[in-house]
Structures are given as structure tokens and as C-alpha cells.
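Encoded as C-alpha cells, the structure appears first; notes follow it.
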Amino acid sequence: NALNTIQAYIFMNERDKATGYLSKFSKLTRAILQMSEKETIRLSQELEALTLYLDLEKMRFHEGFEYRIDIKDVNVEAVQIPSMLIQPFVENAIKHGLLHRPEEKRLLLSISQCDGNLYVEIDDNGIGRKRAEELKKQRDRYHEGFSSQANEKRLKLLSRNTILSIKYIDKINEFQQATGTTVQLIIELKT
């Protein structure tokens with residue numbers, strides 16, 4: 001997707017946008033490669049990579065996507081977490097919830113710390129898990145979802161030692177229509 005967006009900017013002769021996107025893409029690729037070699041990283045490193053990723057998605061959606069990262073009572077330089085722990089949840093919110101939403105797409109990542117645990121919440125205003133699953137079933141007739149399966153296996157391994165709980169909340173309005181999804185993680189911080 002990133003390379004397709006860069007290609008589109010080049011074809012539209014938008015060199016500044018193509019250059020900016022390519023720069024962020026290369027920084028993100030480098031960060032992912034560096035983090036993948038480590039078992040744990042500083043939360044600040046995860047947030048830097050997430051910000052690059054979210055900025056790329058914002059450019060891809062042509063300003064139809066807004067995100068915010070709220071951090072409360074967390075020393076992001078001191079807190080250590082497993083590498084790429086939060087990223088798959090953010091990616092899933094975009095890929096499965098927001099990508100198919102025709103109107104403005106919003107994502108809120110909230111992080112706080114209390115009693116030796118890190119509390120992470122990923123909230124989106126996407127199409128909801130039920131509709132996303134319906135679309136996935138249609139797509140999977142033609143395409144095998146490797147990344148989702150790999151993420152699930154990795155999260156199961158991590159949850160044995162790190163994640164205390166994962167909770168999915170399906171948001172609905174008064175007409176019982178999906179208004180997005182909230183994922184809540186509680187992560188035990190090792191001392």
C-alpha cells in the first residue's frame with residue numbers, strides 16, 4: 001500500500017508528497033527492522049514507529065483520517081514492552097475497521113500506567129467487527145490472510161508472559177448500528 005501511494009504521487013507529479021512519504025516509509029522500515037531484533041523496547045520507540053505508520057496512513061487516506069495519541073502518567077523512556085506489541089492492534093483498526101468507512105476516519109490511542117500495569121486503549125470509529133468479518137469472509141475466498149494469522153500466533157505467545165487481558169468492545173448507536181471498536185489491553189510491566 002505504501003509503495004502504491006508513492007507511485008500515485010509520482011504519477012500525479014506531486015514530488016514533494018512522494019519524497020515526504022518515501023522518507024517516512026524508509027524510517028518506518030528501518031525502525032521495524034531494528035525493533036524486530038529485540039525482545040523488548042522502550043515504549044517511546046514503539047510510539048515513534050506508530051506515529052510514522054499513522055502519518056503514512058493519513059497521507060494514504062488524503063486527509064480523511066485523523067488520529068490522536070494520549071499518554072497519561074507514563075514515562076515512555078523508562079517503560080519496556082515487547083517489541084511491536086501495540087502496532088498489530090492499531091493496524092487491525094485501520095485495515096479492518098477504518099479502511100471501509102466512507103466518512104471521516106478517527107483513531108484514538110490512549111496509554112496510562114497504574115499499579116505496575118500499562119493500560120492501552122485503541123478506539124476507532126470504523127465499520128465494526130461484525131461487518132469487517134463479513135468483508136473478510138468475502139475476501140478470503142480469493143486471498144489467504146497470512147498477516148492476521150501471524151499476528152494471532154504472536155499475540156498468543158506474548159499473552160502467556162506479558163498481556164494480562166485483551167478486551168474487545170463493539171460500539172453501537174441507538175439504532176444498533178456499528179460505530180466502531182475499542183480494544184483494551186492490560187500489559188504487565190516487568191520490573
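Listed values, structure above:
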item: Principal axis box of the stretch 82-138, alpha-carbon based, largest edge first, Å; result: 42, 23, 17
item: Most positive-pole-ward Cα, 75, 10, 20, against dipole of the stretch 3-87 from beta carbon charges; result: 10
item: Separation in nanometres of the label points that stand 7 Å from Cα toward Cβ, at residue 137 and residue 33; result: 4.1 nm
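Just so you know, all these numbers are worked out from the coordinates, no wet-lab data involved. All values reported here derive from a predicted model rather than from experimental measurement. Glycine gets a Cβ as well: all are built from the backbone with ideal geometry, and neighbour counts include every protein chain shown.
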